[in-house]
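Here you go, one structure.
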Ligand code: SF4
Ligand code: SF4
């Protein structure tokens, strides 16, 4: 896959950016577990998982970076 295509998989929120292509093979959904502020919701866990940011909770993020550390696939970027 080219770099351009990879970029197309990134879903942008206000300051979170998720490479949802990487979520497709995720099995532990550790982002949801890691974030004690409830910023993430993983949808389609039984089929093709995708991490989403709960928009009304994004501002609760304190940029502790526990989630970026816990996501083994390094799918999360925070500005
Ligand atoms: S963000 Fe990381 S931990 Fe969360 S579903 Fe995607 S790959 Fe899995
Ligand atoms: S940086 Fe911390 S508070 Fe922000 S989304 Fe990640 S785990 Fe949650």
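All of the numbers you see were taken from the coordinates with simple rules; none came from a lab. All values derive from a computational prediction rather than experimental measurement. Glycine gets a Cβ as well: all are built from the backbone with ideal geometry, and neighbour counts include every protein chain shown.
Restricting to region 43-57, and then to whatever is crowded, with 16+ Cβ neighbours inside 10 Å and closer than 18 Å to residue 14 by Cα, can you tell me which residue is nearest to ligand 1 (Cβ to nearest atom)?
Looking at the filtered set, the residue picked out is 51.
Right, next: Within the group 71, 35, 67, which residue is under 12 Å from the mean Cα position of the chain (by Cα) and more than 8 Å from ligand 2 (Cβ to nearest atom)?
On the way: 35 fails: more than 8 Å from ligand 2 (Cβ to nearest atom); 67 fails: more than 8 Å from ligand 2 (Cβ to nearest atom).
Checking each option against the conditions leaves just 71.
Turning to a different aspect of this structure: Could you tell me which of the residues 36, 15, 60, 29 is free of Cβ contacts under 8 Å to residues at least 40 places away in the same chain and surrounded by 13 or more Cβ atoms within 10 Å (Cβ to Cβ)?
The conditions single out 29.
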